[in-house]
Each structure stands twice: as structure tokens, then as C-alpha cells.
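Everything on this sheet refers to the single structure shown next.
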Amino acid sequence: MLFSQVVGQQDLKSKVIRFIQEGRLPHAINLLGNKGTGNLPFALALAQYIHCQDKTDTDSCGKCSACKKNQLMQHPDVHFSFPIVASDKSHKVSSSFYNEFREFVLQTPYGTDEDWIYFLNKEKQGNISAAECRDIIQKLQLRSFESDYKIQIIWYPEYIGKQGNILLKLIEEPMPNTIILFVTTNIEKILHTIRSRVQTFPLKKISIDEIKNSLIEKGADESTAIRCAQLADGNFNEAIKIYQQADDQILPLTKNLLNSIYSNNGLQLTNWITEITDTSKETQKKFLANFIQLLEFSIRIKQNPNHPTYIPDDERKIVETLIKKGLNEQKILETNELLTNAIYHIERNANTKILFHSVYLQVQQILVFNKKPYKVV
């Protein structure tokens, strides 16, 4: 992977390239970032840059044999360890699942551990075993095949238990020209004995602009890209999922709900309940999440009408109308709590007709009648 293909993280890209040029890159690095910030893509780009035979001051060439092999995750001097769900004693190391892992990463480089276990169609929790730790040591003791550097990428080292102490000597006294990259989202779950021996490079939350522009490059229109970027909250993996499940029903559902609430029209209420309950649970949750996002936009716009909030024009009109009709911070907080609870109940298979009838009445109580919501579910 090229550094240019990693969304955002410009400061860290410049930092590691400078370290490489100055010969100061640490031999054990923890790439720490929240889910969706791209620490695995960053590790892949870093490995490719180290191996590149014609690198520039900003990126690998992407054309040499080393780059091509890295791009396909087939370079013999890049080794991967990751959580697995072993079915028997003979399959307790990552290499037994490497073909599946390679397919997964090439398809979804920003994917999470949960996505990976789902990809494997497993229900049990993954693990990085003592056998895997010993396999890492064995591989890194071998001479490199094609490049000067051997690189070990450990994806989600949080899954290493006390058996991780097997790796301590390797981390403290690495083989010559060996780089170990830990790719983690929660540093507190890594063994302290390992954590204290590696240098952490934090990845930043990806900005709305960076996510938006990347989605546009993937073919999204600007309005859709902005909406996905807002809902994703810095998580590019989530942004891609939202984009792939883009639903044209969300905006009409929102408009119809508000028109019915403010007109207090019983027929419109019945039609809206039918409309929303005929959609999938994922669409229902996205509708509620988008409504919550609109309320958050409302706070920003109400406090500063000229604030450069990234919001499509059609949704901005809804927000401005709500503000004109008396939307304030207290109403926003109460509605936000109500909709968040509704998402919780949908995920637990609540009766959606009862749920959304309750949501409708309570939102109307808050926004129109200026009353506290009552509890129905």
C-alpha cells in the first residue's frame, strides 16, 4: 500500500519517513489508533516504503518488484500475526489462516477484529496463542529472503495474553534489520511488559474533509460523502459501511416525521409508522442516527449560524426550520436521549410498531408541546 492511499495521517507519514531517512526508525513500534483510523493500512504502507527499491521523499514508488509484492501482501519478508479461532491443535498459528486474512485485508483494509471474526464465520473470540508467539520468533530468526529488512506486523496484540512474555527477548534484543509493528486500538489491553518496550506512534482521528474527499474518490456524490463522513465520526471503516449501505429513504422519512409531528395529523402519523416499520432494522437505526446527527448540527448552527458545519443543503434547511420553531439545547438533549434509547431497543428486537409510535409521540411532546417525554418502552 502507498502512503498516498492511507486516508489522512500526514504528520505521522512525514515523521516515519524522516526517521527512515535518518536511520532512526525504532525496531519495535506500536501504531495506536481508534478503530477506523487506519493503523493497519499505515503499517502496510510503512512496510512497503521500507522495502521499496526506488522510494521518494514522500512515498514508495509502487512499481518495483518489492512494492508490487507488498501491495498483494505476498512479500516473503513481511510476516503477519493476527487473532484466529483455531478449530484444532494443528491450526493454532496465523499462517494456517493467512489466505483468508489476505483476502479480508485486501477487501477491507480498514476492517476491525469484529469484521475479521465475522469474515471467518466464527462465533468464538479470537486469540493469539503461545504457539503463534513461538512461530514469530522462529520466522524472525531466519535470514531475509529478498530485502534488507524483515518486518513483523502483529494486528491486534490485545489478543495476546500472558504468553506474550515469550516475545520479550525478541523485542529487547531484536535480530539485525528487523522491524516489529504492533497495530492496536487499545493500548491498555496490551501486556505491560510488552507495552513498556515499544515506542508508540499515535494515529489521529480522520477529519471530515479527509473522509469526504476519499469517499468522493470512490464515486460518492458530495452530499452523500458529507453525510457519511459526519455519521462516521472519524472512523473510515464506518464511513465506507455507511456509504455502501447508503439509503435514499432516510431524508424522506425525516421530512415526513417532522411534517406529521407539527401538523398533528393522525393520517400522516399512521402512514409514517407504516413507512418506517416497512424498512429494515439497519435503515431504522440509520434513520435514528441521522436524526441525532441533525440535532447535533442544530446546536452548532444555533450557537453560530456562520459556523462552517459540513451538512448537505437539504438537511441544513430542516435544521434551520427546527430552530425557527423553537428548538433549543434542552429539547435537543431530551430528543437525543430518546432516539439513542430507541436504537438500543431495535438492536434487542423490540416491536418496531410500538417503538416508533412511542418515539413519534414523545418527540412531539418535546418539540411541539414543550413537555417532558414520558416512558413507554
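Considering the stretch 94-196, the qualifying helices (runs of 4 or more DSSP H), each wholly inside and each with 2 or more residues that are surrounded by 13 or more Cβ atoms within 10 Å (Cβ to Cβ), free of Cβ contacts under 8 Å to residues at least 60 places away in the same chain and of a type in the set (Phe, Trp, Tyr), run over 98-107, 113-119.
Only one of the numbered conditions (1) in contact with an Asp or Glu (Cβ under 7 Å, 6 or more places away or on another chain); (2) within 30 Å of Ile128 (Cβ to Cβ) is violated by Val198, and that is (1). Of all residues in the stretch 225-264 being outside any helix (DSSP H, G or I) and either of a type in the set (Gly, Ala, Ser) or at pLDDT below 85 (or both), which is surrounded by the fewest Cβ atoms within 10 Å (Cβ to Cβ)? If we take residues in the stretch 225-264 being outside any helix (DSSP H, G or I) and either of a type in the set (Gly, Ala, Ser) or at pLDDT below 85 (or both), then Asp248 is surrounded by the fewest Cβ atoms within 10 Å (Cβ to Cβ).
Filtered by the rule that a residue be aliphatic (A, V, I, L, M) and either more than 19 Å from Phe19 (Cβ to Cβ) or at pLDDT 95 or above (or both), the stretch 149-178 gives Ile151, Ile153, Ile154, Ile160, Ile166, Leu167, Leu168, Leu170, Met175.
Within the stretch 276-310, the set of residues being over 26 Å from the mean Cα position of the chain (by Cα), surrounded by fewer than 17 Cβ atoms within 10 Å (Cβ to Cβ) and without any contact (Cβ under 8 Å) to a residue 24 or more places away in the chain comprises Asp278, Gln303, Asn304, Pro305, Asn306, His307.
Taken over the stretch 1-30, residues that are touching a residue at least 40 places away in the same chain (Cβ under 8 Å) and of a type in the set (Phe, Trp, Tyr) amount to 1. So, His75, is that one in the same structural domain as Phe145 (by TED's automatic domain parsing), within 21 Å of Glu158 (Cβ to Cβ) and at pLDDT 95 or above or not? It is false that His75 is in the same structural domain as Phe145 (by TED's automatic domain parsing), within 21 Å of Glu158 (Cβ to Cβ) and at pLDDT 95 or above.
Of the helices (runs of 4 or more DSSP H) contained entirely in the stretch 1-92, those carrying at least 3 residues that are of a type outside the set (Ser, Thr, Tyr) and within 24 Å of the chain's Cα centre (by Cα) fall at 10-21, 39-51. All of (1) in contact (Cβ under 8 Å) with a residue 60 or more places away in the chain; (2) of a type in the set (Gly, Ala, Ser); (3) in contact with a Ser or Thr (Cβ under 6 Å, 6 or more places away or on another chain) hold for Ala47 with one exception: (3). When residues in the stretch 197-215 are screened for being exposed (fewer than 15 other Cβ atoms within 10 Å of the Cβ) and farther than 30 Å from Glu158 by Cα, 1 of them pass.
The values are calculated or read from the model by the stated rules, or taken from the named source; none is laboratory data. Remember, it's a predicted structure, so these values are computed and weren't measured experimentally. Ideal geometry is used to build each Cβ from the backbone, glycine not excepted, and the neighbour counts take in all protein chains shown.
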